[in-house]
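Before any comments, here is the structure.
The values are calculated or read from the model by the stated rules, or taken from the named source; none is laboratory data. This is a predicted model, so every value here is computed, not measured. When we count neighbours, we look across all protein chains shown, and the Cβ atoms used for this are built from the backbone with ideal geometry, even at glycine.
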């Protein structure tokens, strides 16, 4: 299987390789080897082409209950979506904003992305999520567990049982076979069950007397650190989408006091003004604050004009969005764990608010001067389909094109954004960092996002010239996954089955004695049926944790 | 089943019409024939028309596997035979004319933008679904979802005219935004469901829940109909616009009563369970006249 890629300009920023013409060899084990071993069964001549490590999506929604609910809610999008016709090699499917499982793999790989992180999994939906990921070919996958509104955990925090909460989180991660912790609108979704939200960081959550959003954020960040999870707490902050949320965003950054955290879709949390009529970009303030906090990473969640489907565990926000737009709305309650809302949405370049949102996403990418800490996403499908990433890449790399796009915005938007003044252009290296090397590092996946010895043989080879429509990076010439050529000349040529990354943090086994009776009292299924069996995962790979601080006695037994 | 009429060679010299005659019955698996559309056919010679793709279920076939094809280079298409299982005829057409001597299948004239479709027999569900212009006339009965929005779509027809001579099924004009639907025979439940605008004329009334969740728009019934409790009586009169509409309908050979000496329309406002800016006008002749 060994492959050698010769003559290409290699961009491997993690190893300090910046456009150097060199050969890359991938051994029979699917990993990059230190030296060209000469025994390659295939040589790819990449002369004049750009050689990148495969793309890594740090925040996307591609599998599970919420996405499936969205698929059911938007048949009108699916009627106009790209069709994948059944061939001897490929399965039938549809693309669009909520692609079918197989099509998701084809679309990501076809764009040159080889690792994706599904950013929102309720434990109760973990089996479903793993079943869907089972059928997403080619790409490697990881998943994040929704914890910031889990009532079992909130109950423990309410009575100050931090250590037990930590064990609970670790147990739930093991039970759900997930990779990291996601916090969505901390406390807000729990409050939504009372028809309320959590807009204030320091007020008790509805239904509780002590726990606040701030406490949930800080305790979860501490739990993630003490468990030593590879990926920091992945935080969808309170007040998403609300004009003036800059203040709570900056307060959250300060509150974290040096703890690791990944701030998801920061674009939706960087709005100034007091209401919709005075809304303006807050990207400058947010970027300035963000750059001071070296403990933080973020993805932008940029929006693109056109159709989107908003899918989030943030139930109260979705109800608000439904009231705002009059569009149809779906809401799910996931027992004691979380919620979910779906609202189809159209971002229009004629609308002031949408124009500002569009600018904020780009501004954050341009103003945050450390590409290792800011990553390209659209919070797919919330800001637009992931298959539109190359459009954003062009906007970042070509200031003239960006200016011509800014001219199309409503004139009243221009004095509310700073995008017209920004003349930074992304270099190719910076582009590789924000789409691959950076997110891989943030996820703690050491074998991803680079092409050094021992890295996974995930390589994307692009033409150095843009397509006829001026866009680069839409159609890679070759994509290799684990050393196997999966895309060639714009076509899927071979299918591989991706791995699923998970963690197995240590926990106090006594947590099960606490959980079992609580669970039998509060849940609609039996405790024994709750965990996801390991056999449901196709090609699981456990990533080691690096626990720190005081640690409870560890469990050796694997949960069922 | 209607006998298939055999037509002779068309006209003298150049054909001014393309004639498609069904040669083979389609009565179980439906034939998906969106290629039968003036926009697709107009510039094609006879061979190219014959080779157009149609789908029998999932199997791709040629148009001449099912139809005898006469003529070429025309945006007027004449269809003969019992096409009750032939779907998507005239899909998205923007010009020309399709006349069907027989029955038509589901989705007739769906997404249509302009031109004319005439059917001498009956049609099925989704006639003119999400159409934005043009005229569809069906002499016989039709199915449900006339001029409606497809599942999930925010709006149904946005302009154009649909005239059904006979009866119609459920959800006539569901989520329609503009345009005109006239149904000669009785209509089943949920006519004007979630209607957002436009006009529906029910010449023989309708069954239950007419105008449910209608936001705006006008439903005119010439027969008494059961009304939802969320419709409020407002007045009895002959609205001024009714004369304009009657003159327009006269051009389609449809009459509408407007003589106040003969009767008046009772106007009901609704559906008040939603926006409530729609109206249902129910004609009633004066008694004892």
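For region A:414-471, the tally of residues that are within 15 Å of residue A:113 (Cα to Cα) and without any contact (Cβ under 8 Å) to a residue 12 or more places away in the chain stands at 0.
Just wondering, is there one or more residues in region A:53-65 that are modelled with pLDDT under 95, at negative phi and more than 14 Å from every other protein chain (Cβ to nearest Cβ)? Checking region A:53-65: at least one residue is modelled with pLDDT under 95, at negative phi and more than 14 Å from every other protein chain (Cβ to nearest Cβ). The single condition from (1) surrounded by 13 or more Cβ atoms within 10 Å (Cβ to Cβ); (2) on the phi < 0 side of the Ramachandran plot; (3) touching a strand residue (DSSP E or B) at 6+ places or on another chain (Cβ under 9 Å) that residue B:286 fails is (1).
Taken as a whole, the structure places residue A:90 among residues that are more than 14 Å from chain B (Cβ to nearest Cβ), surrounded by fewer than 20 Cβ atoms within 10 Å (Cβ to Cβ), outside any helix (DSSP H, G or I) and in contact with a helix residue (DSSP H, G or I) (Cβ under 8 Å, 6 or more places away or on another chain). Of the residues making up region A:336-344, not a single one is assigned to a helix (DSSP H, G or I), within 19 Å of residue A:196 (Cβ to Cβ) and modelled with pLDDT under 95. Of the helices (runs of 4 or more DSSP H) lying entirely inside region A:397-507, those containing at least 1 residues that are modelled with pLDDT of 95 or more, under 30 Å from residue A:224 (Cβ atoms) and out of contact with any helix residue (DSSP H, G or I) (no Cβ under 8 Å at 6 or more places or on another chain) span A:438-443.
The sole residue among B:233, B:265, B:237 that is under 27 Å from residue B:213 (Cα atoms) and touching a helix residue (DSSP H, G or I) at 6+ places or on another chain (Cβ under 8 Å) is B:265. Here the condition is being within 16 Å of residue A:388 (Cα to Cα) and modelled with pLDDT of 95 or more; of A:101, A:114, A:129, it holds for A:114 alone. Listed conditions (1) touching a strand residue (DSSP E or B) at 6+ places or on another chain (Cβ under 9 Å); (2) under 22 Å from residue A:310 (Cβ atoms); (3) within 14 Å of chain B (Cβ to nearest Cβ) are all met by residue A:75, apart from (1).
Number of residues in region B:48-63 that are in contact with a strand residue (DSSP E or B) (Cβ under 9 Å, 6 or more places away or on another chain), surrounded by fewer than 22 Cβ atoms within 10 Å (Cβ to Cβ) and at negative phi: the value is 10. Looking at A:46, A:81, just one residue is away from chain B (no Cβ under 14 Å) and either crowded, with 18+ Cβ neighbours inside 10 Å or in contact with a helix residue (DSSP H, G or I) (Cβ under 6 Å, 6 or more places away or on another chain) (or both), and that residue is A:46. In region A:321-346, of all residues being out of contact with any strand residue (DSSP E or B) (no Cβ under 7 Å at 6 or more places or on another chain) and without any contact (Cβ under 8 Å) to a residue 40 or more places away in the chain, the one that is surrounded by the most Cβ atoms within 10 Å (Cβ to Cβ) corresponds to A:324.
Every residue, every condition in (1) surrounded by 24 or more Cβ atoms within 10 Å (Cβ to Cβ); (2) more than 24 Å from the chain's Cα centre (by Cα); (3) over 14 Å from residue A:316 (Cβ atoms), yes or no:
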residue	(1), (2), (3)
A:158	no, yes, yes
A:169	yes, no, yes
A:175	no, no, yes
A:178	yes, no, yes
A:189	yes, no, no
A:195	no, yes, no
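In summary, residue A:112 fulfils each of the numbered conditions (1) more than 14 Å from every other protein chain (Cβ to nearest Cβ); (2) more than 15 Å from residue A:492 (Cβ to Cβ) with the single exception of condition (2). When every residue of region A:287-302 is checked against the conditions, none turns out to be assigned to a strand (DSSP E or B), surrounded by fewer than 19 Cβ atoms within 10 Å (Cβ to Cβ) and in contact with a helix residue (DSSP H, G or I) (Cβ under 8 Å, 6 or more places away or on another chain).
The single condition among (1) within 14 Å of chain A (Cβ to nearest Cβ); (2) farther than 24 Å from residue B:85 by Cβ; (3) surrounded by fewer than 24 Cβ atoms within 10 Å (Cβ to Cβ) that residue B:175 does not meet is (3).
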